[in-house]
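Asker: Just passing along the structure, written as structure tokens.
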Amino acid sequence: MSTPHVVPFHRALPRLVKDPVTELANMGTEAAGRIVRVNLGPFRPYLVSHPDHVEQVLKTHWTNFVREGMFWRPLRRVTGQSILGEGEAWASTRKILAPLFTSRYIASLADDMADIISECMLEMDKFADSGRLIDGGHQMTTIVNQAVIKVLFGGRISRDTAERLAPEFATCATSIGFRLLFPFVPYSVKVPGDRAFLRSAQKIDEIVYPLIEEAKREGDTSAKEVVSKLLAARLEKEGHADLKQVRDDLVSIYGAASETTAMSLTWLWSVLHDHPEVNARLRQEIDDVVDGGPVRAEHVSRLPYLRMVLQELLRVYPSAWIIPRQAVNDIEIGGMHIKAGSQVLVSPYTTHRLEEFWERPNEFDPDRWVDEKAAIKHRHSFIPFGAGPHVCLGQHLFYVEAPLVIANVLSRYRPELTNPQRLTPLPGASVRPKEKLWLRLHPNERRRAA
């Protein structure tokens with residue numbers, strides 16, 4: 001029977017307090033993919049990163065590793081029991097939501113999404129013309145939100161409402177960082193982030209519930225937007241629509257549709273600043289394909305280097321920094337005995353940096369994706385959207401939405417990062433930079449000539 005690589009309390013705690021995302025990944029790479037036991041006093045989770053072990057936890061024995069336990073409590077305070085649940089509730093919800101995220105359905109929305117993102121560029125023109133700086137993360141979140149809300153939610157959410165909703169989700173996603181790092185702290189003890197989280201969760205409810213009630217009053221089961229679709233599906237399956245359940249479904253859909261894309265796009269501007277050769281090659285490809293005109297959905301398939309950049313972005317900055325699970329029964333993983341009730345943390349951040357599966361893992365190199373099949377040496381060595389039955393529903397949307405945003409921005413502007421610095425990954429429901437990225441938008445020469 002194997003023994004884990006143990007990180008003792010006096011080493012684990014200061015590292016995780018300093019830079020939790022990076023240091024947790026380092027603990028896994030230092031062990032070269034062996035299972036790591038992180039000693040945090042009363043809490044000693046197992047860190048799992050080797051693709052063989054990831055496959056066992058997320059796919060082969062997925063029913064024995066459930067989304068329960070201390071790590072899930074802070075997330076469920078906002079998402080409720082929906083797509084992030086377990087058992088029959090999860091299976092029922094996924095069956096209802098899955099048709100809204102198939103590659104075919106997303107493809108049918110692509111042209112509308114292209115129109116909406118193109119419209120967002122008109123507002124960015126004001127910043128380019130005036131020379132005012134923009135907050136890169138905020139701007140990417142705004143654009144993604146507009147696309148998601150208009151395409152999935154139809155006209156039910158106004159621009160003003162969308163702009164109020166986005167920051168509340170961002171606050172919920174980031175304010176749970178302390179509880180994710182120290183989940184054993186009881187909720188009777190107030191910790192940093194609790195007050196902000198509860199305030200934002202309440203504001204989300206104040207926005208979402210009226211949308212559901214309005215759709216319920218209208219009773220239009222043929223409407224294509226997601227609120228009516230969910231109500232119709234719940235009515236058909238259960239004979240009634242539990243507003244709390246529909247609310248949980250909507251919050252989960254919003255997160256799946258927007259969070260990964262917005263965060264990946266935020267990291268991109270720092271990457272392009274640090275790698276001018278990548279920036280130049282990407283801009284050239286977009287200029288050649290788009291040719292100064294509006295970016296259309298059909299352009300995406302003709303931008304292979306953009307796809308490579310996105311794949312590398314997902315490898316280096318996966319949105320899910322940890323995928324927590326709890327063992328239901330005793331089990332052996334990688335020759336190690338895992339007791340029932342143990343907390344297991346799958347770490348994409350670590351898996352994507354293992355030298356056994358990635359050459360020069362700490363370098364940003366889109367060319368490693370020239371041949372995607374050859375790049376992925378193990379089917380579970382690249383898990384930006386998780387794996388197994390719980391794989392993220394939003395992945396098809398990401399591969400349409402993210403290229404459209406990038407192609408639109410780079411075809412119109414030359415974004416200049418005005419405050420380059422080493423970015424610190426901020427733990428939360430997803431990973432985002434702790435620091436703000438301030439961009440100045442210079443009009444593209446081809447646009448100016450036009």
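Asker: Using 0.36 nm times the number of residues separating residue 206 and residue 112, minus their current alpha carbon distance, what extension gain do you get? Before the final figure, lay out the partial values.
Answerer: On the way: separation 94, 0.36 × 94 = 33.84 nm, distance 2.82 nm.
My answer for the length gained is 31.0 nm.
Asker: Oh, and also: Between residue 76 and residue 284, how many nm apart are label points set 7 Å from Cα along the C-beta direction?
Answerer: 5.3 nm
Asker: Ok, one more. Determine ³J(HN,Hα), in whole Hz, for all residues of segment 128-135 in sequence, where each value follows from phi through the Karplus function 6.51 cos²θ - 1.76 cosθ + 1.60 and θ = phi - 60°; x replaces Gly and Pro.
Answerer: 5, 5, 8, x, 5, 6, 10, 7
Asker: For an R0 of 45 angstrom, estimate the FRET efficiency from the Cβ-Cβ distance between residue 158 and residue 421 and round to the nearest 0.05. Show your work: numbers first, answer last.
Answerer: On the way: r = 36 Å, r/R0 = 0.81.
The formula returns an efficiency of 0.80 here.
Asker: Amide H to amide H under 5 Å from residue 413: which residues, 5+ apart in sequence or cross-chain, H placed 1.01 Å off N in plane?
Answerer: Here 444 satisfy the definition.
Asker: For segment 241-374, state what percent of all Cα-Cα pairs lands in each successive 5 Å bin, counting from 0 Å until the bin that includes the largest distance.
Answerer: Reading upward from the zero bin: 2, 8, 12, 15, 16, 13, 12, 10, 6, 4, 2, 1.
Asker: Find which of 131, 433, 24 sits farthest along the positive direction of the dipole of the chain, computed with +1 on the beta-carbon of Lys and Arg, -1 on that of Asp and Glu, about the Cα centre.
Answerer: Working it through, the farthest residue towards the positive pole turns out to be 24.
Asker: Taking 0.36 nm per intervening residue step and subtracting the Cα-Cα distance, what contour gain separates residue 104 from residue 414 on full extension? Intermediate results must be reported in sequence, preceding the final value.
Answerer: Details: separation 310, 0.36 × 310 = 111.60 nm, distance 3.31 nm.
That pair, residue 104 and residue 414, stretches by 108.3 nm at full extension.
Asker: For the chain, what % of the accessible area comes from carbon and sulfur atoms, probe 1.4 Å? Intermediate results must be reported in sequence, preceding the final value.
Answerer: Working: 9800 of 18900 Å².
Answer for the chain is 52 percent, counting heavy atoms of protein chains only.
Asker: Something else: Please compute the alpha carbon radius of gyration of segment 1-122, then divide it by the globular-protein estimate 2.2 N^0.38 Å. Two decimals is fine.
Answerer: Working: Rg = 19.9 Å, N = 122, 2.2 N^0.38 = 13.7 Å.
Relative to the 2.2 N^0.38 Å estimate, segment 1-122 comes out at 1.46.
Asker: Taking the Cα centre of segment 70-113 as origin and charging only Cβ (+1 Lys, Arg; -1 Asp, Glu), how large is the dipole, in debye to the nearest 20? All intermediate terms of the calculation are to be shown ahead of the outcome.
Answerer: Numbers: 6 positive and 4 negative charges, 50 e Å.
Once rounded to the nearest 20, the dipole reads 240 debye.
Asker: Taking 0.36 nm per residue of separation and subtracting the Cα-Cα distance, what length does fully extending residue 123 through residue 328 add? Intermediate results must be reported in sequence, preceding the final value.
Answerer: Numbers: separation 205, 0.36 × 205 = 73.80 nm, distance 5.10 nm.
This chain segment gains 68.7 nm when fully extended.
Asker: Over all directions, average the projected area of the Cα convex hull of segment 323-380 and note it in nm². Write out the running numbers ahead of the final one.
Answerer: Values: hull surface 19.7 nm².
So the Cα hull casts an average projection of 4.9 nm².
Asker: Suppose every K and R has +1 on its Cβ and every D and E has -1 on its Cβ; what is the size of the dipole of segment 31-145 about the Cα centre, in Debye to the nearest 20?
Answerer: Numbers: 13 positive and 13 negative charges, 188 e Å.
Charge dipole, segment 31-145, about its Cα centre: 900 debye, nearest 20.
Asker: Would you report the distance distribution of C-alpha pairs in segment 279-333 as whole percents per 5 angstrom bin, up to the bin with the largest distance?
Answerer: Using 5 Å bins, I get a P(r) of 4, 15, 18, 14, 10, 10, 7, 5, 6, 6, 4, 1 for segment 279-333.
Asker: Taking only protein heavy atoms into account and a 1.4 Å probe, give the accessible area per residue of segment 226-359 in Å². List each step's numbers first, then the result.
Answerer: Details: 4630 Å² over 134 residues.
With all protein chains present, segment 226-359 gives 35 Å² per residue.
Asker: Per residue of segment 159-172, in order, report the coupling 6.51 cos²θ - 1.76 cosθ + 1.60 (Karplus, θ = phi - 60°) as ³J(HN,Hα) in whole Hz, putting x for Gly and Pro.
Answerer: 4, 4, 5, 4, 5, 7, 6, 4, x, 5, 5, 4, 5, 4
Asker: Starting from the Kirkwood radius over alpha-carbon pairs of segment 1-58, derive D by Stokes-Einstein at 37 °C in a medium of 0.692 mPa s and give it in µm² s⁻¹. Kindly include the intermediate steps, with their values, before the conclusion.
Answerer: Working: Rh = 11.7 Å.
My calculation gives 282 µm²/s for D.
Asker: What number comes out for accessible area per residue over segment 104-208 if the probe is 1.4 Å? Units Å², please.
Answerer: Numbers: 4640 Å² over 105 residues.
Result: 44 Å² of accessible area for each residue.
Asker: Here's a follow-up. Report D for segment 110-213 in µm² per second (integer): Stokes-Einstein, Kirkwood Rh on Cα pairs, 37 °C, 0.692 mPa s. Working shown, then result.
Answerer: Numbers: Rh = 15.9 Å.
Using the Kirkwood radius from Cα pairs, D works out to 207 µm²/s.
Asker: Quick one: which residues, 5+ away or cross-chain, put their amide H under 5 Å from the amide H of residue 338? H built at 1.01 Å from N.
Answerer: For residue 338, the qualifying residues are 331, 332, 333.
Asker: Straight-line reach from residue 434: which lysines fall under 19 Å, measuring Cα to Cα and dropping same-chain residues less than 8 apart?
Answerer: Candidates past the 8-residue exclusion: 18.
Asker: While we're here: Normalised radius of gyration for segment 323-440, please: alpha carbon Rg relative to 2.2 N^0.38 Å, two decimal places.
Answerer: Normalised Cα radius of gyration, segment 323-440: 1.36.
Asker: To the nearest 20 debye, what charge dipole does segment 150-228 have about its Cα centre, counting +1 at the Cβ of each Lys and Arg and -1 at the Cβ of each Asp and Glu? Please list the in-between numbers first.
Answerer: On the way: 12 positive and 11 negative charges, 54 e Å.
With Lys and Arg at +1 and Asp and Glu at -1, about 260 debye.
Asker: May I ask you to evaluate 6.51 cos²θ - 1.76 cosθ + 1.60, the Karplus curve with θ = phi - 60°, for each residue of segment 183-195 and list the ³J(HN,Hα) values in order in whole Hz, giving x for glycine and proline?
Answerer: These are the phi-based 3J(HN,Hα) values: x, 7, 5, x, 6, 6, 9, 7, 10, x, x, 4, 5 Hz.
Asker: What aspartates and glutamates does residue 436 reach when the alpha-carbon gap must be under 19 Å and sequence neighbours fewer than 8 apart in one chain are set aside?
Answerer: 19, 135, 163, 168, 259, 274, 416
Asker: Let's test this: bin the Cα-Cα distances of the chain at 20 Å from zero up to the farthest pair and state each bin's percent.
Answerer: 24, 58, 18, 0
Asker: Taking amide H atoms as placed 1.01 Å from N in the peptide plane, list the residues 5 or more away in sequence, or in a different chain, whose amide H sits under 5 Å from that of residue 438.
Answerer: The list, which skips near neighbours in sequence, is 136, 418, 419.
Asker: With a cut-off of 17 Å, note down the residues of segment 34-55 whose backbone N falls inside the zone around a label point 7 Å from the Cα of residue 356 toward its beta carbon.
Answerer: Hits in segment 34-55 for residue 356 at 17 Å: 34-37, 47-55.
Asker: Which FRET efficiency value, to the nearest 0.05, is calculated for residue 213 and residue 291 with the Förster distance at 41 angstrom and r the Cβ-Cβ distance?
Answerer: Details: r = 47 Å, r/R0 = 1.15.
Once rounded, the FRET efficiency stands at 0.30.
Asker: Measuring from label point to label point, each 7 Å out along Cα→Cβ, what is the residue 235 to residue 367 span in nm?
Answerer: Placing both labels 7 Å along Cα→Cβ, they lie 5.8 nm apart.
Asker: While we're on this one: Given only helices, namely DSSP H runs of n ≥ 4 each adding -39500 (n - 2.57), what is the per-residue ellipticity at 222 nm of the chain, to the nearest 500 deg cm²/dmol?
Answerer: Details: 18 runs with 242 residues, N = 450.
Taking each H run of at least 4 residues, the total per residue is -17000 deg cm²/dmol.
Asker: Between 253, 200, 295, whose Cα lies farthest towards the positive end of the dipole of the chain when Lys and Arg beta carbons carry +1 and Asp and Glu beta carbons carry -1, centred on the Cα centre?
Answerer: Among 253, 200, 295, the one farthest towards the positive end of the dipole of the chain is 200.
The values are calculated or read from the model by the stated rules, or taken from the named source; none is laboratory data. Here the structure is a predicted model, which means the values were calculated and not measured. FYI the Cβ positions are ideal-geometry reconstructions off the backbone, even for glycines, and counts take in every protein chain you see. Just so you know, the surface numbers come from the protein's heavy atoms only, side chains and all, with ligands and any DNA or RNA stripped out. Shrake-Rupley method; radii C 1.70, N 1.55, O 1.52, S 1.80 Å.
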